[in-house]
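Before any comments, here is the structure.
The values are calculated or read from the model by the stated rules, or taken from the named source; none is laboratory data. Predicted model, so just to flag it, every value in this text is computed and none were measured. Cβ atoms come from the backbone with ideal geometry, glycine included; neighbour counts cover every protein chain shown.
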Amino acid sequence: MLEGETLIEVARRMGHVVPSLCYSKNAKHKSSCMVCAVKNCANGQIIPSCTTMPTEGMEIDVESEEVNEIRRMSLELLLSDHRADCEAPCTTVCPQGLDIERMLAFYDAGKYQEAYSLIAGVFALPEIGCTNCKAPCEKACRRGTVDKAVEIRAIIKEIAAKNLTILPGYDAASQKMDKVSFRSRLGRFTPAEKELLKVNTNNPSRCLHCACNERHECKLRKDATLLGISRPSFETSSKLPFVKIHINGDIWFEPAKCVRCGLCVYNSKDGFTFRNRGFGMQVIIPDESKSHITEEIAHLCPTGALYVKTLK
């Protein structure tokens, strides 16, 4: 054992896979999620490995089915309070596997060559395969629950007609949606949310961009996949609204995705803070504190609630 190491650090150094959400090496943290749970074989006690220090002669169970079941239950409870969509519904139903939301994000940013390359990864251009398609993507479009669905097929045709070149070194196979990883259950917009979205979403495509910006890096999703959870078992209990709060620069915060691990609170000075206690506890940030948040703080977030907005 190395001086100052916790159980999770010892276990990982020995090659064991121990998931965690509220822990980040070299960052201030407090055990809260119990996703890193292990069992003390001497007394049968379940303990958080991220804050427990090893002692001489300690025998720890880190990978039994009993331990993994406790981790799964902890994750299921966190997922029930995590109002978010990993993948956009338009993408999940596309027969060709086109990452439609990402294509529309390129379109809205005026990055037509990137959008074209993405389309070329699944269609043998100039044939795009949308003419005879029954457009499940437009039927599934969440914008359609607000006012009118995004005209996805028309936008695909518009981009394809530009007859651009595919970006050098573009790997088409890597652009298709990951169908193996955990996927969250789609949430419903409240009437108030629909009105806000109608007013505030005015990009060229009209897409709500409901796919998670961090869906490929989200620790919550990776750990759920690791423990064999493909869909949440419980209905989402979070009542927080579907809003995207601009912090500063390219940093954004979506409170409904927050699992209150506290990493952003403990590691920002005069930044994020907790409001209320118990089940009503929320992570918030006063307007005057937004300038104190750095990209390093955003990268600590395990769920994509706090993120640096990127488009690659």
Per the list (1) under 24 Å from the mean Cα position of the chain (by Cα); (2) touching a residue at least 24 places away in the same chain (Cβ under 8 Å), residue check on Ser117 breaks on (1)
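Listed residues Ala115, Ala140, Ala124; which is farther than 30 Å from Leu78 by Cβ and at pLDDT 90 or above?
None of the other options fit; the residue is Ala115.
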Restricted to region 106-115, and to residues that are small (Gly, Ala, Ser) and surrounded by fewer than 23 Cβ atoms within 10 Å (Cβ to Cβ), which residue is nearest to Thr165 (Cα to Cα)? Gly110
Would you mind finding the one in Ala298, Ala211, Ala305, Ala224 that is more than 22 Å from Thr92 (Cα to Cα), small (Gly, Ala, Ser) and surrounded by 20 or more Cβ atoms within 10 Å (Cβ to Cβ)? Ala298
Has region 243-258 got any residue that is surrounded by fewer than 15 Cβ atoms within 10 Å (Cβ to Cβ), touching a residue at least 60 places away in the same chain (Cβ under 8 Å) and under 18 Å from the mean Cα position of the chain (by Cα)? yes
Looking at region 267-281, is at least one residue over 30 Å from Lys157 (Cα atoms), surrounded by 14 or more Cβ atoms within 10 Å (Cβ to Cβ) and at pLDDT below 90? no
Residue within region 47-60 that is over 22 Å from Glu217 (Cα atoms) and of a type in the set (Asp, Glu) present: yes
Criterion (in contact with an Asp or Glu (Cβ under 9 Å, 6 or more places away or on another chain) and assigned by TED's automatic domain parsing to the domain that holds Phe189) met by exactly one of Gly121, Gly110: Gly121
Could you figure out which of (1) surrounded by fewer than 22 Cβ atoms within 10 Å (Cβ to Cβ); (2) more than 24 Å from Cys218 (Cα to Cα); (3) not assigned by TED's automatic domain parsing to the domain that holds Ala11; (4) not β-branched (Val, Ile, Thr) isn't true of Pro89? (2)
Going residue by residue through region 63-71, is there one that turns out to be touching a helix residue (DSSP H, G or I) at 6+ places or on another chain (Cβ under 9 Å), free of Cβ contacts under 8 Å to residues at least 40 places away in the same chain and within 25 Å of Ala256 (Cβ to Cβ)? no
Being closer than 15 Å to Ile60 by Cβ and in contact (Cβ under 8 Å) with a residue 12 or more places away in the chain is the filter here, so list the residues in region 35-48 that pass it. Cys36, Ala37, Val38, Lys39, Asn40, Cys41, Ala42, Ile46, Ile47, Pro48
Is there a residue being of a type in the set (Gly, Ala, Ser), assigned by TED's automatic domain parsing to the domain that holds Cys90 and in contact with a Gly (Cβ under 7 Å, 6 or more places away or on another chain) anywhere in region 134-144? no
